[in-house]
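So the structure is just underneath, and the comments pick up after that.
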Amino acid sequence: MKYSAKVEVKFKEGLFDPEGETTKKSLQGLRFPVEDAKLSKVFNIKLDAKTKDEAYSMVEEMCKKLLANPNKDDYKIIIEEIQ
């Protein structure tokens with residue numbers, strides 16, 4: 001079966017996000033009422049797997065080995081079956 005995985009990777013809570021902070025200040029400078037801005041990366045991955053659970057496990061392994069740094073990043077995985 002074919003699956004689509006969406007992986008959002010962002011800094012762990014409490015870590016300094018320099019790009020997010022710069023974006024926040026720039027938006028405030030343009031007079032937008034922004035309280036906070038955070039940078040995140042989104043990976044859209046298509047893969048073959050026997051089950052949704054297997055697809056999730058494979059994507060989680062991808063996160064641990066390449067997509068996210070466990071020392072500084074949190075990640076969220078969403079798996080959907082596709083035709």
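Just to verify a result, which residue in segment 45-63, among those that are among the β-branched types (Val, Ile, Thr) and surrounded by 16 or more Cβ atoms within 10 Å (Cβ to Cβ), is nearest to Phe11 (Cα to Cα)? Break it down stepwise before answering.
Keep residues of segment 45-63 that are among the β-branched types (Val, Ile, Thr), which gives 45, 51, 59.
Still in the running and surrounded by 16 or more Cβ atoms within 10 Å (Cβ to Cβ): 45, 59.
Numbers: Ile45: 20, Val59: 19 Å.
Applying the filter and picking the extreme gives Val59.
If Phe16 passes every condition in (1) part of a helix (DSSP H, G or I); (2) among the aromatic types (Phe, Trp, Tyr); (3) exposed (fewer than 12 other Cβ atoms within 10 Å of the Cβ) but one, which one does it miss?
The number of the failed condition is (1).
Taking segment 30-70, which residues are among the small types (Gly, Ala, Ser) and in a helix (DSSP H, G or I)?
Matches in segment 30-70: Ala55, Ser57.
Take Val34 and tell me if it is touching a Leu at 6+ places or on another chain (Cβ under 7 Å), surrounded by 12 or more Cβ atoms within 10 Å (Cβ to Cβ) and at pLDDT 95 or above.
Yes, satisfied.
If you take the residues of segment 7-40 that are of a type in the set (Lys, Arg) and in contact (Cβ under 8 Å) with a residue 60 or more places away in the chain, which of them is farthest from Leu67 (Cα to Cα)?
Per the criteria, the residue is Lys12.
Can you find even one residue in segment 38-52 that is basic (Lys, Arg) and touching a helix residue (DSSP H, G or I) at 6+ places or on another chain (Cβ under 7 Å)?
Yes, segment 38-52 contains a residue that is basic (Lys, Arg) and touching a helix residue (DSSP H, G or I) at 6+ places or on another chain (Cβ under 7 Å).
The values are calculated or read from the model by the stated rules, or taken from the named source; none is laboratory data. Just so we're clear, the structure is a prediction, and the values are computed from it rather than from any experiment. A quick note on method: Cβ atoms are made from the backbone with ideal geometry, for glycine too, and the neighbour counts reach across all protein chains shown.
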